[in-house]
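Below is one structure, written out as structure tokens; the observations come after it.
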Amino acid sequence: MNVETFRYDNGIVRAFAIATIFWGIVGMAAGLLAATQLFYPDANFQTAFITFGRIRPLHTNAVIFAFVGNGMFAGIYYSLQRLCKARMFNDTLSWLNFWGWNGIILAAAVSLPLGLTTSKEYAELEWPIDIAIAVVWVIFTVNLFGTILRRRERHMYVAIWFYIATALTVALLHIVNSLAVPAGPFKSYSIYAGVQDALVQWWYGHNAVAFFLTTPYLGLMYYFLPKAANRPIFSYRLSIIHFWALIFIYIWAGPHHLLFTALPDWAQSLGMVFSVMLVAPSWGGMLNGLLTLRGAWDKVRQDPVLKFMVVAVTAYGMATLEGPVMAIKTVNALSHYTDWTIGHVHTGALGWNGFLTFSMLYWLMPRLYQTKLWSTKLANYHFWIGLLGMMFYVVPMYVSGVTQGLMWKQFNAEGFLQYPTFLETVLQLLPMYQLRAVGGSLYLIGTILCAINMYKTAKSGRFLAEEEVKAPKLDSIAHHDSHPWGHRWLEAKPITFSALAFVAVGVGGLVEVVPLYLIKENVPTITSVKPYSPLEVLGRDIYIREGCVGCHSQMIRPFRSETERYGEYSKAGEFIYDHPFLWGSKRTGPDLHRVGGKYPDAWHYNHMEDATSTSPGSIMPAYPWLLTRKLDTNVLPARIRALRKVGVPYPEGFENGPAQEELARQQRLVVANLEIGLVEAEPDREIIALIAYLQRLGTDLKLEQYLLSTQP
Amino acid sequence: MIQKVLSAIGGVGVYGVIAVLLFFGVFLGVLVWALRLRAPYLDRMSRAPLDDDDDDDPSSPDPSNPRAHSPDHE
């Protein structure tokens with residue numbers, strides 16, 4: 001046999017592992033800060049940069065793309081080399097992957113606090129960073145396939161299938177969802193509007209959970225769980241069914257994020273049906289993981305690595321049962337927009353992703369440093385404190401979510417809303433928010449203990465940067481793949497395998513997204529809906545910059561409890577000029593779709609200066625900087641041009657003069673309205689634009705008095 | 001009958017039928033794929049992660065376990 005000697009690259013694995021721990025602490029600390037602001041708004045220190053609306057996307061991006069992203073790369077770069085019996089395809093690509101990815105994270109950590117955001121959840125980064133993400137992802141994909149093609153094992157193990165599905169699908173999702181027309185170096189408008197933007201965004205958002213937080217980690221589970229338990233996977237057959245059924249079904253389920261919205265009914269129903277079906281493959285995978293531990297449960301009691309893994313896989317099972325339940329319309333009517341969703345995602349994030357990452361690190365670091373773990377006891381402390389932290393996070397969120405959902409819907413004996421003031425329902429939740437911060441603190445302390453343990457382990461050992469191994473060349477291994485198109489044959493054909501996987505994920509996306517473009521009846525037009533005025537465009541951009549969408553939805557569902565509280569339910573045709581859509585996914589504050597004309601301009605002015613002046617006890621942060629900062633109108637022409645490119649019918653040449661005149665006229669009107677409310681304000685401040693936008697919201701449909709009175 | 005049940009979930013129409021047929025097609029196909037695989041191959045592949053050269057478990061108090069027991073090494 002022709003045996004070759006080669007070396008595994010451990011340096012890149014270590015780099016990603018260190019970045020995982022570092023960004024984990026940063027991302028969790030940002031989360032804790034955001035959580036604290038929800039019961040103590042002054043924790044933003046009256047600073048725009050770290051106010052909730054900006055720190056919340058920083059937290060989600062840091063945890064998803066920095067913590068889990070680096071963890072995923074660490075695990076893939078370690079396991080892929082070993083499963084392929086080959087060094088990574090190209091060292092330069094490996095390091096470009098590392099520095100590129102972490103450079104992107106750094107750019108996110110700077111740009112999000114600056115308010116540079118698209119506002120699309122988990123896709124907030126602006127277009128130059130989006131392009132960088134695409135480039136780095138291609139580098140990773142080339143490195144992945146290069147390694148697979150140079151493998152010394154004929155057949156690809158199940159973990160590699162999940163890595164392939166991850167690489168291909170994330171590229172597809174990221175590119176399609178990020179398509180936008182730039183309006184300056186750090187500003188862009190989505191090419192999609194309203195309902196279409198919502199569907200594409202949640203096709204992306206849902207499948208980012210599927211193909212960034214789930215499939216790569218399932219690959220890691222299939223590799224590291226057998227390793228840590230020293231047992232083969234329970235059923236290889238089951239893993240085949242798990243893989244194909246999961247990647248095929250997952251992609252269809254995105255619309256369950258948009259139940260009862262203005263999305264056409266057929267798309268909602270399709271999303272719901274496929275979400276329920278998703279339980280089967282998810283639980284197949286979970287059981288495959290847990291049953292791998294048959295006969296090894298005694299080891300679970302002693303080994304912290306296995307403890308973390310058991311909880312991770314169990315949390316995966318709980319989250320993937322809970323998700324489909326929440327996707328059933330009747331449950332969703334209660335759970336949507338509440339903290340229930342926050343509890344659900346944290347079962348996945350803290351339990352599944354967090355604990356699997358920790359188990360992998362505890363297994364990996366001693367091996368990279370050829371030593372024992374510095375302290376098993378400390379790892380056990382981490383396990384218990386992390387588990388306790390998770391409980392203190394998730395349980396209060398369930399209590400809070402169900403409480404608020406029920407309060408929103410409660411009518412009294414006379415048929416009126418029992419809690420007509422939204423704030424009443426929020427104030428009930430404050431103890432739960434405090435408990436959640438306790439949970440988050442415990443989890444963060446656990447992560448710091450992990451960092452200490454990793455550091456001490458590294459200190460006590462010697463790093464093995466290059467690991468020499470021997471394996472026979474692929475050509476010299478005899479093989480008997482007699483059945484073309486059998487799965488065994490397919491496992492030896494990475495390109496055919498990848499093409500089939502791509503088809504499996506592509507079908508669902510096509511069936512869902514394409515009809516919305518081809519069938520006009522899906523978005524009925526409303527003649528009174530007109531494009532935003534120039535001042536409203538700039539006001540909307542401030543709304544996006546401040547991350548208002550993080551706490552306020554703009555989508556009234558067709559329930560009596562909502563139409564009583566907010567007004568007429570939202571129609572698809574009202575959003576045709578919304579690039580991007582701002583429907584939101586969480587109501588920490590009330591829905592704003594019909595806030596236009598509900599309060600006088602002066603109310604908004606006072607409310608933004610200090611929310612407690614108009615709403616005693618409010619947890620909304622103060623925005624004093626909006627009152628003093630001058631509105632930048634120089635950006636207007638570029639923004640009007642970009643909006644015209646994405647389909648908003650501003651007349652040609654509108655941006656060269658008429659737009660500025662219209663803007664100045666509307667500024668004067670808002671100032672005049674403020675004077676009626678005894679507020680003196682300069683017309684050129686940001687707050688004026690924001691008020692103009694808020695007063696426009698939802699008024700197209702109700703032909704609001706306010707607009708009529710402000711027409712010149 | 002399937003059409004009736006599916007259209008009752010609201011506006012889903014022919015998409016529901018296509019979706020369910022597709023799903024069952026894919027599921028049955030994958031099931032056949034999985035069942036056609038032979039035991040020795042399944043056994044070898046399911047042990048793939050244990051088949052490295054660096055599995056001397058440094059953190060375990062019990063040094064007796066590594067994967068020298070993998071059938072490929074026997």
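The values are calculated or read from the model by the stated rules, or taken from the named source; none is laboratory data. Predicted, not measured: the structure shown is a model, and the values here were computed from it. For neighbour counting, all protein chains shown are included, and Cβ atoms are generated from backbone atoms with ideal geometry for every residue, glycine included. Surface accessibility is based on the protein's heavy atoms, side chains included, excluding ligands, DNA and RNA. Shrake-Rupley method; radii C 1.70, N 1.55, O 1.52, S 1.80 Å.
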Review point. Using unit Cβ charges (K, R positive; D, E negative) and no other charged atoms, how large, in debye to the nearest 20, is the dipole of chain A about its Cα centre?
Key: 2780
Review point. Over segment A:525-676, what relative contact order in percent results from Cα pairs under 8 Å that are six or more residues apart?
Key: 26
Practice item. Compare the Cα positions of B:L50, A:L93, B:G29 along the charge dipole of the protein assembly as shown (+1 at Cβ of Lys, Arg; -1 at Cβ of Asp, Glu; about the Cα centre) and return the one farthest towards the positive end. Key: B:L50
Practice item. Subtracting the Cα-Cα distance from 0.36 nm times the residue separation, let me have the gained length for A:L510 to A:K493 in nm, one decimal. Key: 3.5 nm
Practice item. Apply the Karplus parameterisation 6.51 cos²θ - 1.76 cosθ + 1.60, with θ equal to phi minus 60°, to every residue of segment A:6-19 and state each ³J(HN,Hα) to the nearest whole Hz, in sequence, with x for glycine and proline. Key: 8, 10, 7, 8, 8, x, 5, 5, 4, 4, 5, 5, 5, 4
Review point. Put +1 on the Cβ of every Lys and Arg and -1 on every Asp and Glu Cβ in chain A; which of A:L643, A:L368, A:H604 then has its Cα farthest towards the positive end of the dipole?
Key: A:L368
Study note, to complete from the structure: The ³J(HN,Hα) series, computed from each phi in segment A:679-694 with the Karplus coefficients 6.51, -1.76 and 1.60 at θ = phi - 60°, rounded to the nearest Hz and given as x for glycine or proline, is 10, 9, 8, 6, x, 9, 8, 4, 4, 5, 5, 5, 5, 4, 5, 4
**Study point:** Computed accessible area, A:K120, all protein chains, 1.4 angstrom probe, square angstrom
**Key:** 10
Exercise for review: Under a cut-off of 18 Å between alpha-carbon atoms, report the lysines in cross-link reach of A:K299, not counting same-chain residues fewer than 8 places apart.
Suggested key: A:K227, A:K307, A:K372, A:K377
Check your understanding: Average partner chain C-beta neighbours within 10 Å, per residue of A:222-235?
Key -> 5
Revision key, fill the gap. Per-residue average of other protein chain Cβ atoms inside 10 Å, peptide B:37-47 -> 6
Study note, to complete from the structure: A correct Karplus calculation of ³J(HN,Hα) over segment A:70-81, with 6.51 cos²θ - 1.76 cosθ + 1.60, θ = phi - 60°, whole Hz and x for Gly and Pro, returns 5, x, 4, 5, 4, x, 5, 5, 6, 6, 4, 4
Practice item. Sticking with the crude label model, points 7 Å out along Cα→Cβ, report the distance from A:N656 to A:A333 in nm, one decimal please. Key: 5.5
Review point. Which of the chymotrypsin sites (Phe, Trp or Tyr not before Pro) across segment A:1-95 are loop residues per DSSP, with 10 or fewer other Cβ within 10 Å?
Key: A:F45
Exercise for review: List every residue whose amide H lies under 5 Å from the amide H of A:E4, counting only residues 5 or more places away in sequence or on a different chain, with H placed 1.01 Å from N in the peptide plane.
Suggested key: A:A471, A:K473
Practice item. Send over the Kirkwood Rh of segment A:560-626, from the inverse of the averaged 1/r over different Cα pairs, rounded to one decimal Å. Key: 13.9
Point to revise | Cβ-defined net charge surrounding A:Y393, 15 Å radius [Lys, Arg +1; Asp, Glu -1] | key: -1
Review point. Amide H of A:A180: which non-local residues (sequence gap of 5 or more, or other chain) have their own amide H closer than 5 Å, using H built in the peptide plane?
Key: A:I191
Exercise for review: Any of A:K329/A:K586; A:K329/A:K598; A:K120/A:K586; A:K598/A:K630 with alpha carbons more than 22 Å apart? Name them for me.
Suggested key: A:K329/A:K598; A:K598/A:K630
Check your understanding: With a Cα-only, solvent-free Debye model of segment A:1-92, what are the log10 I(q)/I(0) values at q = 0.10, 0.15 Å⁻¹?
Key -> -0.41, -0.66
**Study point:** Exposure rule at most 12 other beta-carbon atoms within 10 Å, DSSP loop GluC sites (Glu not before Pro): chain A longest free segment
**Key:** A:1-413
Exercise for review: As a check on your grasp of the helix formula, calculate [θ] at 222 nm for chain A: sum -39500 (n - 2.57) over DSSP H runs of n ≥ 4, divide by the residue count, round to the nearest 500.
Suggested key: -19500 deg cm²/dmol
Point to revise | Peptide B:26-33, shielding by other chains (average Cβ, 10 Å cutoff) | key: 5
Point to revise | Rounded tilt (10° steps) of A:215-229 against the dominant C-alpha axis of chain A | key: 40
Check your understanding: How much net charge surrounds A:L423 when only the other residues with a Cβ under 14 Å from the Cβ of A:L423 are counted, with Lys and Arg +1 and Asp and Glu -1?
Key -> 0
**Study point:** Extension reserve of the A:I175-A:T527 stretch, reckoned as 0.36 nm per residue once the Cα distance is removed
**Key:** 123.4 nm
Review point. Label-point separation (nm) for A:Q418 and A:R641, each offset 7 Å from Cα along Cα-to-Cβ?
Key: 5.7
Practice item. Show the residues, 5+ positions off or on another chain, whose built amide H is closer than 5 Å to the amide H of A:F411. Key: A:Q418
**Study point:** Extended-chain gain in nm, criterion 0.36 nm per residue less alpha-carbon gap, A:L430 and A:R665
**Key:** 80.3 nm
Exercise for review: Using only the Cα atoms of chain A, build the gyration tensor, take square roots of its eigenvalues as a ≥ b ≥ c, and label the shape rounded, prolate or oblate: rounded if a/c is under 1.5, else prolate if a/b is larger than b/c, else oblate.
Suggested key: prolate
Revision key, fill the gap. Once the dipole of the protein assembly as shown is set up from charges on Cβ (+1 Lys and Arg, -1 Asp and Glu), the residue from the list A:A664, A:P494, A:I687 lying farthest towards its positive end is A:P494
Point to revise | Rounded to 5, percent antiparallel among DSSP beta bridges of the protein assembly as shown | key: 90
Study note, to complete from the structure: The simple spin-label model distance between A:N634 and A:A132, using points 7 Å out along Cα→Cβ, in nm, is 2.4
Exercise for review: Using only alpha carbon pairs under 8 Å that are at least six residues apart, calculate the relative contact order of chain A and give it in whole percent.
Suggested key: 18
